[in-house]
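What follows is a set of notes on a single structure, which appears directly below.
The values are calculated or read from the model by the stated rules, or taken from the named source; none is laboratory data. Keep in mind that what you see is a predicted model, and the values were worked out from it rather than measured. As a convention, Cβ positions derive from the backbone with ideal geometry for all residues, glycine included, and neighbour counts pool all protein chains shown. Protein only, heavy atoms only, side chains kept; ligands, DNA and RNA dropped before computing areas. Shrake-Rupley method; radii C 1.70, N 1.55, O 1.52, S 1.80 Å.
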Amino acid sequence: MLTTAPRGTRDILPDEVARWHYLEDVIRAHCRLFGYGEIRLPLFEHTELFQRGVGETTDIVEKEMYTFTDRGGRSLTLRPEATASTVRAYLEHNLPAGPQPAKFYYLGPMFRYDRPQAGRYRQFSQFGVEAIGSADPTLDAEVILLALDFYAKLGLKDLTVELNSIGCPVCRTEYRQALVGYLRAHEKELCTSCLDRLERNPLRVLDCKEEGCRTVTQGAPGLAEYLCPDCREHFRLVQECLKSVGARYVLNPALVRGLDYYTKTVFEITWAGLGAQTALCGGGRYDGLVEECGGPPTPGVGFAMGLERLLLALEQAGIELPGKEAPEVFVAAVTPEENPAAFNLVTKLRRAGLAAEKDYLQRSLRAQLKQANRQGARETVIVGGEEAARGNVSLRNMVTGTQEEVPVRELVAVLKGRLGK
Ligand code: HAM
């Protein structure tokens with residue numbers, strides 16, 4: 001037990017972390033283009049925020065939250081997602097009084113007691129954006145495009161955007177009645193979970209993956225016919241904007257999403273190569289959430305994408321991201337006696353801004369050169385021998401194998417020249 005991480009969690013070792021850094025750098029630069037500022041939110045919140053925000057009858061709240069009581073008797077929950085927290089922060093810091101819409105992005109771990117499998121973890125990382133304070137359909141199109149352009153920047157192709165509108169409380173109430181009527185007539189064919197959903201959250205039946213339920217829902221009334229004129233026009237404009245910038249999408253009337261806060265536009269971006277966990281990104285509009293969290297009626301829209309899944313997809317698509325950076329210089333000691341001198345020199349090089357590494361196992365010179373090669377150092381400085389008596393070191397180019405004697409006091413300048421710094 002002490003030597004394995006908890007189920008559904010994973011370590012990210014330095015080699016892999018380099019890829020995360022790369023992704024994070026692309027994300028930051030990309031969000032800057034779209035005018036989204038980073039928000040850093042707590043990893044845990046009052047449980048009630050998710051109960052109210054995400055919804056009591058969702059799988060996340062019913063089955064997947066890591067909830068605990070702290071020493072002060074408060075019920076807290078490790079965040080399963082960050083939309084509710086962003087809305088909470090928006091209200092807590094009185095941001096409705098500032099410029100609208102307020103546009104945020106976040107990066108970080110989320111926690112869900114999910115059944116772990118490839119691409120599904122109990123601790124996973126999301127990159128998400130939230131734009132709060134505008135009902136403008138161009139904003140729906142903007143967040144979808146932000147995600148699509150981001151994938152394009154990474155070179156990931158063949159993505160599918162599935163799009164739907166689930167209307168507003170007005171049209172959804174009417175639709176709900178029609179749907180419940182239809183589902184009641186097919187009760188015998190539904191799975192037990194859906195029988196329960198039928199009462200509590202009938203729209204979720206449309207999302208069920210069970211064979212029997214899928215057959216039933218294929219014939220169910222579609223929400224599209226029930227949209228009120230306002231929702232219909234909003235959906236039309238979102239599509240018009242997407243088309244105008246060449247973003248392709250497919251309409252999926254069965255797409256309802258697993259969180260309760262959505263209104264109007266919902267979408268998912270999938271990549272077929274991922275197998276069972278095809279959803280790379282999910283999001284939509286949530287015009288009632290700010291009010292639900294105790295604020296003034298304020299619309300919002302956003303998405304979140306799983307970064308582990310994205311890395312899996314990039315790997316499967318054969319897109320290589322940069323690995324761990326190699327040292328620029330390796331400092332080798334001719335004998336263990338020069339180890340302190342090597343330490344002194346490696347320090348000087350680092351202070352001069354060079355990525356320098358040394359041996360710590362008192363290896364032979366030959367083994368140190370091998371080590372320098374293995375680590376990918378471009379230059380090796382050899383300290384000791386007759387050169388040392390002359391105040392010099394040997395400098396070996398690890399690519400060509402050529403070696404020359406350099407005075408120690410000129411070493412930094414020579415190295416910077418060779419490394420093009
Ligand atoms: P979500 O669909 O629950 O939406 O999650 C978004 C993405 O997070 C998924 O598409 C998937 O890539 C990733 N994800 C979810 N669960 C796991 C897991 N157990 N392991 C690995 N990756 C996972 C939300 O979280 C909403 N807050 C999105 C949003 C933002 N809507 C509006 N604004």
Test: Gly212 is in the same structural domain as Met110 (by TED's automatic domain parsing), farther than 30 Å from Ile319 by Cβ and small (Gly, Ala, Ser): no
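Name the residues in the range 14-34 that are of a type in the set (A, V, I, L, M, F, W, C), without any contact (Cβ under 8 Å) to a residue 40 or more places away in the chain and either open to solvent by less than 90 Å² (accessible area, probe 1.4 Å) or under 17 Å from Glu320 (Cα atoms) (or both), would you?
Ala29
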Some residue of the range 341-354 being polar (S, T, N, Q) and either within 16 Å of the ligand (Cβ to nearest atom) or in contact with a Pro (Cβ under 6 Å, 6 or more places away or on another chain) (or both): no
Residue in the range 307-314 that is in a strand (DSSP E or B), crowded, with 20+ Cβ neighbours inside 10 Å and not aliphatic (A, V, I, L, M) present: no
Which listed residue, of Arg374, Arg396, Arg363, is out of contact with any helix residue (DSSP H, G or I) (no Cβ under 9 Å at 6 or more places or on another chain) and open to solvent by 60 Å² or more (accessible area, probe 1.4 Å): Arg374
Any hit, the range 111-118, residues being assigned to a strand (DSSP E or B) and open to solvent by 10 Å² or more (accessible area, probe 1.4 Å): yes
From Asp70, Asp149, Asp140, residue being in contact with a Lys or Arg (Cβ under 8 Å, 6 or more places away or on another chain) and of a type outside the set (Lys, Arg): Asp140
Extreme residue, surrounded by the most Cβ atoms within 10 Å (Cβ to Cβ), among residues of the range 76-110 that are more than 18 Å from Leu41 (Cα to Cα) and small (Gly, Ala, Ser): Gly98
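Applying the selection to the range 20-39, what residues are assigned to a loop (DSSP other than H, G, I, E, B) and within 16 Å of the ligand (Cβ to nearest atom)?
Tyr36, Ile39
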Hits in the range 164-194 - residues which are more than 16 Å from Val256 (Cβ to Cβ) and either under 34 Å from the mean Cα position of the chain (by Cα) or assigned by TED's automatic domain parsing to the domain that holds Leu237 (or both): Val170, Cys191, Thr192
Conditions (1) open to solvent by less than 20 Å² (accessible area, probe 1.4 Å); (2) within 22 Å of Ser134 (Cβ to Cβ); (3) within 12 Å of the ligand (Cβ to nearest atom); (4) not polar (S, T, N, Q): number failed by Asp287: (1)
Selection status of Val87, within 28 Å of Leu146 (Cβ to Cβ) and touching a Cys at 6+ places or on another chain (Cβ under 6 Å): yes
